[in-house]
1. Regarding TYR77, is this residue over 13 Å from the mean Cα position of the chain (by Cα) and surrounded by 10 or more Cβ atoms within 10 Å (Cβ to Cβ)?
2. Report yes if LEU34 is closer than 20 Å to TYR6 by Cα, aliphatic (A, V, I, L, M) and either modelled with pLDDT of 95 or more or part of a loop (DSSP other than H, G, I, E, B) (or both), otherwise no.
3. Hey, ASP13 hits all of (1) open to solvent by 50 Å² or more (accessible area, probe 1.4 Å); (2) modelled with pLDDT of 95 or more; (3) at negative phi but one; which does it fall short on?
4. Collect the residues in the range 45-69 that are in contact (Cβ under 8 Å) with a residue 12 or more places away in the chain and more than 14 Å from the chain's Cα centre (by Cα), keeping them in residue-number order.
5. What number of residues within the range 20-71 are closer than 16 Å to TYR86 by Cβ and open to solvent by 80 Å² or more (accessible area, probe 1.4 Å)?
6. Identify the single condition in (1) modelled with pLDDT of 95 or more; (2) assigned to a helix (DSSP H, G or I) that TYR77 does not satisfy, given that it satisfies every other one.
7. Hey, can you tell me all the residues within the range 63-92 that are closer than 18 Å to GLN14 by Cβ and among the hydroxyl-bearing types (Ser, Thr, Tyr)?
Amino acid sequence: MGDIVYVEVETLDQVLEQDEVFGTVEAVKTVSDLFLPMAGEIIEFNDSLEDTPEAVNSDPYGAGWMIKVKVSDASAYDSLLSDQDYKELIGA
């Protein structure tokens, strides 16, 4: 996708199902939907991304986090990929 230049999440305080769109990200040449990996309630959005969306690129596990989710079913964690598994999947 390239460097993220804008993050939008309009689903704060909503309960969504797995794979539903919870927001969008914009890169220099494209806009993509963000899909929720597990069902739950969006309880927090990282407001600092409004001023520094590039943190998603430089520090995704720190300052670049997007949302916090109150998960509906904790057993869904078992089906998620680790960061290493995901990198292998996308060939990174």
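1. Criteria met by TYR77.
2. yes
3. Failed condition: (3).
4. Listed by number, the residues that qualify are SER48, GLU50.
5. Residues flagged as closer than 16 Å to TYR86 by Cβ and open to solvent by 80 Å² or more (accessible area, probe 1.4 Å) within the range 20-71 amount to 2.
6. (1)
7. SER72
The values are calculated or read from the model by the stated rules, or taken from the named source; none is laboratory data. Computed from a predicted structure; not experimentally measured. Neighbour counts run over all protein chains shown; Cβ positions are idealised from the backbone, glycine included. Quick note on the areas: whole protein, heavy atoms, side chains included, nothing else; ligands and nucleic acids left out. Shrake-Rupley method; radii C 1.70, N 1.55, O 1.52, S 1.80 Å.
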